[in-house]
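J.: Encoded as structure tokens, here's the structure I'll be asking about.
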Number of protein chains: 4
Amino acid sequence: MDSLKELKLKIDEFTEERNWNQFHTPSNLAKSISIEAGELLECFQWSDTDYDLNQVEEELADVFNYCIQLASVLNLDVKEIILKKMEKNAKKYPKDKAYGNSAKYDKLWE
Amino acid sequence: MDSLKELKLKIDEFTEERNWNQFHTPSNLAKSISIEAGELLECFQWSDTDYDLNQVEEELADVFNYCIQLASVLNLDVKEIILKKMEKNAKKYPKDKAYGNSAKYDKLWE
Amino acid sequence: MDSLKELKLKIDEFTEERNWNQFHTPSNLAKSISIEAGELLECFQWSDTDYDLNQVEEELADVFNYCIQLASVLNLDVKEIILKKMEKNAKKYPKDKAYGNSAKYDKLWE
Amino acid sequence: MDSLKELKLKIDEFTEERNWNQFHTPSNLAKSISIEAGELLECFQWSDTDYDLNQVEEELADVFNYCIQLASVLNLDVKEIILKKMEKNAKKYPKDKAYGNSAKYDKLWE
């Protein structure tokens, strides 16, 4: 089975088995993504290079998990929304203009 | 091709074409995930129910995108780390104890 | 002594006594503010109304603490930067236009 | 007037004049703090050292502003909660143990 489809099924099942759907509103899931993103960032709080890879793995997995849940409750196709946004980004950041440049698009086009 | 593999390839290509790998350290990607998670949360800043679905889609896509990049630079398999963390979560939140209960595991086991 | 001056002195002393200044770069402090903001948000993860006030107090205090530290390392006057930004906000959100309206300024002026 | 008292009064007035109190629930303010913390972090997204100080000032001011508002709606005294939390932190991070050490307290005491 396709990996994203499989993950969605397993995560939905995990939630249903615990009767947690009642808590998983879009807004609460968006909060959860921010909270887990903060825990991921904590791995790099005082050093950019000296981090615990196991911890990073776990926190990143949590962010992914809530992202997949938010897509699920909103009936969004993960692959589709990523590809669609990448097309938009490709226009905002054309290869030649953005090459080796980390400026935000509003600065890039000045 | 499997969706996660395809997304990883496309996102890696997007980054390489812009010579952005130099900026995409694990720490900078963790920051980026937090930043985009904040933009996603902004969709729900003043209301839990009255949100712009298109905006949510785009911001969620950005969070996913940076998560896939972080997994990529760390050579992590996205599906594997999510399933591994879910196993751990299943132990922290057993179905019977956690049923219909949003308490954090440290409170759940008190 | 003025409260903000007193807090700055006490926090600076706390940091120096632990020789932590070396870790407290502006970037690390900005990360720390995001991390603590995530912990504060966790108090409201699954409910907007059923929160632990003691927990909220402590997490809010941590956010304030790192904000005061960031102002300190950048030699910014906290009162001054807040008042300056409020003047700017007053122009973006004039009383009549913004009255009872939570729209962002770019929508407000459409 | 004491700076924190003055800021609270001015910010409360700003909110009342716009009839925004209805939006400023503790939960929405906690979200707002996270959102603004993300915007502050964006100043350091791709570089720790090459940041726009004006931008940092404004984003930091926004974080402070929402923190003061959250304290206000919860009737918390900002100075008091910060000093109280610092006492707790002083016990978690005693000077001798924590000197020059950025480890989290759970690692510090191992």
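The values are calculated or read from the model by the stated rules, or taken from the named source; none is laboratory data. All values derive from a computational prediction rather than experimental measurement. All Cβ positions, even for glycine, are placed from backbone atoms using ideal geometry, and neighbour counts span all protein chains on display. These area figures cover heavy atoms from the full protein model, side chains too; ligands, DNA and RNA do not enter into them. Shrake-Rupley method; radii C 1.70, N 1.55, O 1.52, S 1.80 Å.
J.: Under the Karplus relation 6.51 cos²θ - 1.76 cosθ + 1.60, θ = phi - 60°, what is the ordered set of whole-Hz ³J(HN,Hα) values for the range D:77-85, x standing for Gly and Pro?
T.: Whole-Hz 3J(HN,Hα) from phi for the range D:77-85: 8, 4, 4, 4, 5, 5, 5, 5, 5.
J.: Report the chymotrypsin sites (Phe, Trp or Tyr not before Pro) located in the range B:32-110 that are in a DSSP loop and have at most 15 other Cβ atoms inside 10 Å of their Cβ, or state none.
T.: Values: sites: B:Phe44, B:Trp46, B:Tyr51, B:Phe64, B:Tyr66, B:Tyr99, B:Tyr105, B:Trp109; in loops: B:Phe44, B:Trp46, B:Tyr51, B:Tyr99, B:Trp109.
For chymotrypsin sites (Phe, Trp or Tyr not before Pro) across the range B:32-110 that sit outside H, G, I, E and B with at most 15 neighbouring Cβ atoms in 10 Å, the list reads B:Tyr99, B:Trp109.
J.: State, to one decimal in nm and shortest first, how far the label point of D:Leu83 sits from each corresponding label point in the other identical copies (label point: 7 angstrom along Cα-to-Cβ).
T.: Copy-to-copy label distances for D:Leu83: 2.4, 5.6, 6.1 nm.
J.: Oh, and also: According to the square roots a ≥ b ≥ c of the eigenvalues of the Cα gyration tensor, what is the shape class of the protein assembly as shown, taking rounded for a/c under 1.5, prolate for a/b larger than b/c otherwise, and oblate for the remainder?
T.: On the way: a/c = 1.36, a/b = 1.27, b/c = 1.07.
Taking the square roots of the gyration eigenvalues as a ≥ b ≥ c, the protein assembly as shown is rounded.
J.: Computed on protein heavy atoms with a 1.4 Å probe, what is the summed buried accessible area for the chain pair D and C, in Å² to the nearest 100? Intermediate results must be reported in sequence, preceding the final value.
T.: Working: alone 9090 and 9090 Å², together 12240 Å².
Interface between D and C: roughly 5900 Å².
J.: Sorted from shortest, what are the nm distances separating the label point of B:Gln55 from equivalent points in the other copies, each placed 7 Å from Cα along Cα to C-beta?
T.: 2.1, 2.8, 3.4
J.: At 7 Å along Cα-to-Cβ for each site, give me the label-to-label distance between D:Leu74 and A:Glu16 in nm.
T.: So the label points at D:Leu74 and A:Glu16 sit 3.8 nm apart.
J.: For the protein assembly as shown, give the percent of accessible area contributed by carbon and sulfur heavy atoms, probe 1.4 Å, rounded to a whole number.
T.: Numbers: 9710 of 20950 Å².
Solvent-exposed carbon and sulfur of the protein assembly as shown make up 46 percent of the total.
J.: A follow-up question, please. Using the Karplus curve 6.51 cos²θ - 1.76 cosθ + 1.60 with θ = phi - 60°, what ³J(HN,Hα) values do you get for each residue of the range C:34-42, in whole Hz, with x for Gly and Pro?
T.: Per residue, the Karplus-derived 3J(HN,Hα) values read 5, 4, 5, 4, x, 5, 5, 4, 4 Hz.
J.: Same structure, new question: Give me a single rounded figure for B:54-60: the average over its residues of other chain Cβ atoms within 10 Å of their Cβ. Could you put the intermediate results ahead of the total?
T.: Working: counts 1, 0, 7, 9, 5, 4, 14.
That works out to 6 on average.
J.: Need one value for A:76-89: mean number of C-beta atoms belonging to other chains within 10 Å of its residues' C-beta atoms.
T.: Per residue, the number of nearby Cβ atoms from other chains is 6 on average.
J.: In the range B:8-110, what trypsin sites (Lys or Arg not before Pro) fall in a loop by DSSP, with at most 13 other Cβ atoms inside 10 Å?
T.: Numbers: sites: B:Lys8, B:Lys10, B:Arg18, B:Lys31, B:Lys79, B:Lys84, B:Lys85, B:Lys88, B:Lys91, B:Lys92, B:Lys95, B:Lys97, B:Lys104, B:Lys107; in loops: B:Arg18, B:Lys104.
Of the trypsin sites (Lys or Arg not before Pro), the ones in loops of the range B:8-110 whose Cβ has at most 13 other Cβ atoms within 10 Å are B:Lys104.
J.: With an 8 Å cut-off on Cα pairs and a minimum separation of 6 or more residues, tell me the relative contact order of chain B in percent. Please report the intermediate quantities before stating the final value.
T.: Details: 52 pairs, mean separation 31.0, N = 110.
RCO, chain B: 28 percent.
J.: Placing the label point 7 Å from Cα along the Cα-to-Cβ direction, what are the distances from D:Asp106 to the equivalent spots in the other copies, shortest first, in nm to one decimal?
T.: 0.7, 3.9, 3.9
J.: Along the axis that rotates chain C into chain D, which residue of chain C has the nearest beta-carbon, and what is the gap in whole Å?
T.: Nearest-to-axis residue on chain C, with distance in whole Å, is C:Ala37, 2.
J.: Still on this structure: How long are the semi-axes of the equivalent ellipsoid of the range D:1-76, taking √(5λ) for every eigenvalue λ of the Cα gyration tensor, in whole Å from largest down? Don't skip to the end; give the middle numbers.
T.: Values: eigenvalues 132, 42, 20 Å².
Those come to 26, 14, 10 Å.
J.: To the nearest 10 square angstrom, how much accessible area does D:Cys43 have with a 1.4 angstrom probe?
T.: Counting only protein heavy atoms, D:Cys43 exposes about 20 Å² to solvent.
J.: When the helices in chain B are scored as -39500 (n - 2.57) per DSSP H run of 4 or longer and the sum is shared across all residues, what 222 nm value do you end up with, to the nearest 500 deg cm²/dmol? Intermediate results must be reported in sequence, preceding the final value.
T.: Details: 6 runs with 76 residues, N = 110.
Dividing the helical sum by the residues of chain B leaves -22000 deg cm²/dmol.
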